[in-house]
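Reviewing the structure listed below.
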Amino acid sequence: MLNPFDMVLFGGGGDLALRKLIPALYRAYREGSLVNGCRILPVCRRREDADQYLTTAHQALKQYLREGEYSDSSWDGFSQLLRPIALDIAVPNEQWEHLADILGTDPERVRIFYLAIPPAVFGPCCENLSIKGLISKNSRVVVEKPLGYNAQTSDEINSKIASYFPENNIFRIDHYLGKETVQNLLALRFSNVLFEHLWDAKSIDHIQISISETVGLEGRAGFYDETGALRDMVQNHLLQLLCLIAMESPNTMSAKNIRAEKIKVLEALRPLTGLEVDKNVVRGQYIAGDIDGQQVPGYLDELEGGVSSTETFVAIQAHIDSWRWAGVPFYLRTGKRMEKRCAEIVVQYKNVSHHVYDESAGKVIPNRLVIRLQPEESIKLVLMAKKMDSLTTELQPAELNLTLSDTYDSFHSDAYKRLMLDAAANNSALFIHRDEVAAAWAWVDPIIEHWRETNNQPKDYIAGSWGPKESSELLARSGRHWFNAK
């Protein structure tokens, strides 16, 4: 059971806080994870927003919680934990004194400062926390991506935070790592001899990691056009998932040991520079199309005209130069305005070495492990089996399917809830170390630099499709294809 703690949500009135963080904390309260004495302090820039915050949070819960999760009685109790305050983060004025008065002077009490704010304000916020004496030995800071625009800016941001917080008190969040299915991936690998002995180049043909979205810019035009899919999704989410799939077994499941194995994977990634970028990376940009029967505009239309070479889609063929993964391609793919919203890992095994059945039995499909992270969370294993309703020997693919919401009646995965409670418990196993961030940028930056030097332009793809045709060609060159989510 956690001891009482204070969580200060800088950016408490923003989209992330209202859509994800407040609902996650509400769920934690309902399940009894927030003990008596816990306090949540959403920070709003304007006084009127702070005054109306309880009404705003109440509406957000009704809008974003799942059906059946909201109840008036739970809201009545949860709202007692909320202590909204007005504060201009960048200015060390008397408003900070008000925050200091609320937090008090107990140096033993855990304080979590969640920075759901633009990275440019991380430094001033931490500096003012320090000036006002609010950083104690039990204070932790949680920071959201993106951490910088490239390796240099990322290092500058991290150095600024590190001047006020020690590394073991800095929690860099990637909400994909908090998903229960991702944690199940580690359990699947390291607790089952069945899989661990078949988790290398001798058995696996290739691995696909795809995160597809149906939405477009969602009001983030300015941010996204300066960022693009490679920085926004590959540098963090996709590479973190790659690390968990490819890492060696840690000695124990401690944060230190997990981090060490993840960094080894990032350092073993074969660099993509120069012509290797053209050969192994596809970038795209969506044009107008149809999604679920609705016409949607193209990327440039959402920018309200103008010209942009920002990619909304990336597909990469990557290799890990290690004994375990020599010769196994890893295909990474992410895009906006795709046909289906889904995050999925596909482990494609090699075909059997000898076919004992003749052609009349049908084609033998190689085994495939499919780990779905969203929208539903499931683990599926595709095997070959005999058709049970046929007297002749006919083979067909059969699925062993573990859908977590069906198997566990009370299962409701909430990555943000898991990660915020881990931060309160000082468990950093699912957070990202500074060295991981640096290693990821070291691999991504040369790709971006090559695009800039060669004026590489993204390929068009129709909104509602699975990306540009060049993405399919990337796999087709070696006789492979994407496994698009059904």
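Quick notes on this one:
- Set 256, 279: member being modelled with pLDDT of 95 or more and over 23 Å from residue 198 (Cβ atoms): 279
- Selection within the stretch 87-113 - touching a strand residue (DSSP E or B) at 6+ places or on another chain (Cβ under 8 Å) and either farther than 11 Å from residue 129 by Cα or open to solvent by less than 20 Å² (accessible area, probe 1.4 Å) (or both): 87, 95, 98, 99, 102, 103, 109, 110, 111, 112, 113
- Any hit, the stretch 431-451, residues being among the acidic types (Asp, Glu), surrounded by fewer than 17 Cβ atoms within 10 Å (Cβ to Cβ), farther than 30 Å from residue 166 by Cα and modelled with pLDDT under 95: no
- Which listed residue is without any contact (Cβ under 8 Å) to a residue 40 or more places away in the chain and either open to solvent by less than 20 Å² (accessible area, probe 1.4 Å) or closer than 27 Å to residue 263 by Cα (or both), from 415, 361: 361
- Residue in the stretch 301-314 that is aliphatic (A, V, I, L, M), in contact with a strand residue (DSSP E or B) (Cβ under 9 Å, 6 or more places away or on another chain), under 30 Å from residue 267 (Cβ atoms) and open to solvent by less than 40 Å² (accessible area, probe 1.4 Å) present: yes
- Qualifying residue in the stretch 33-51 (condition: part of a strand (DSSP E or B), acidic (Asp, Glu) and either modelled with pLDDT of 95 or more or more than 19 Å from residue 139 (Cβ to Cβ) (or both)): no
- Index of the failed condition, residue 189 passing every other in (1) modelled with pLDDT under 90; (2) open to solvent by 10 Å² or more (accessible area, probe 1.4 Å): (2)
- Filter pass, residue 31 being touching a residue at least 12 places away in the same chain (Cβ under 8 Å) and more than 29 Å from residue 129 (Cα to Cα): no
- Considering residues of the stretch 374-398 that are polar (S, T, N, Q) and open to solvent by less than 70 Å² (accessible area, probe 1.4 Å) only, the residue nearest to residue 485 (Cα to Cα): 374
- Among the candidates 453, 436, residue that is touching a residue at least 24 places away in the same chain (Cβ under 8 Å) and either in a helix (DSSP H, G or I) or among the hydroxyl-bearing types (Ser, Thr, Tyr) (or both): 436
- Restricting the stretch 243-275 to residues that are assigned to a loop (DSSP other than H, G, I, E, B) and of a type in the set (D, E, K, R), the residue that is least open to solvent (accessible area, probe 1.4 Å) is 248.
- Positions within the stretch 288-299 being free of Cβ contacts under 8 Å to residues at least 12 places away in the same chain and on the phi < 0 side of the Ramachandran plot, in sequence order: 294, 295
- Within the stretch 192-212, the set of residues being outside any helix (DSSP H, G or I) and surrounded by fewer than 17 Cβ atoms within 10 Å (Cβ to Cβ) comprises 192, 197, 198, 200, 201, 202, 203.
- Looking across the stretch 45-86 at every residue that is out of contact with any His (no Cβ under 7 Å at 6 or more places or on another chain), more than 16 Å from residue 27 (Cβ to Cβ) and in contact (Cβ under 8 Å) with a residue 40 or more places away in the chain, the one that is surrounded by the most Cβ atoms within 10 Å (Cβ to Cβ) is identified as 53.
- Across the stretch 226-235, the number of residues qualifying as touching a helix residue (DSSP H, G or I) at 6+ places or on another chain (Cβ under 9 Å) and open to solvent by 10 Å² or more (accessible area, probe 1.4 Å) comes to 2.
- Some residue of the stretch 341-352 being crowded, with 16+ Cβ neighbours inside 10 Å and more than 25 Å from residue 249 (Cα to Cα): yes
- Cβ-Cβ under 9 Å pairs, at least 6 apart or on other chains, the stretch 463-480 side over 17 Å from residue 336 (Cβ atoms), far side open to solvent by 60 Å² or more (accessible area, probe 1.4 Å) and assigned to a loop (DSSP other than H, G, I, E, B): 472/481; 475/481
- Residue check for residue 145: within 24 Å of the chain's Cα centre (by Cα), open to solvent by 50 Å² or more (accessible area, probe 1.4 Å) and under 24 Å from residue 172 (Cα atoms): yes
- Odd one out for residue 477 among (1) within 27 Å of residue 369 (Cβ to Cβ); (2) open to solvent by less than 40 Å² (accessible area, probe 1.4 Å); (3) of a type outside the set (Phe, Trp, Tyr): (2)
- Conditions (1) outside any strand (DSSP E or B); (2) surrounded by 19 or more Cβ atoms within 10 Å (Cβ to Cβ); (3) not aliphatic (A, V, I, L, M); number of the one not met by residue 461: (1)
- Whichever residue in the stretch 334-383 is of a type in the set (Val, Ile, Thr) and either within 29 Å of residue 288 (Cβ to Cβ) or part of a loop (DSSP other than H, G, I, E, B) (or both) and, among such residues, is modelled with the highest pLDDT: 334
- Take the conditions (1) under 22 Å from residue 36 (Cα atoms); (2) surrounded by 14 or more Cβ atoms within 10 Å (Cβ to Cβ); residue 127 misses just one of them, which is (1).
The values are calculated or read from the model by the stated rules, or taken from the named source; none is laboratory data. Note that the structure is a prediction, hence the values are computed from the model and not measured. We place every Cβ from the backbone using ideal geometry, glycine too, and count neighbours over all the protein chains shown. Heavy atoms of the whole protein, side chains included, go into the accessibility calculation; ligands, DNA and RNA do not. Shrake-Rupley method; radii C 1.70, N 1.55, O 1.52, S 1.80 Å.
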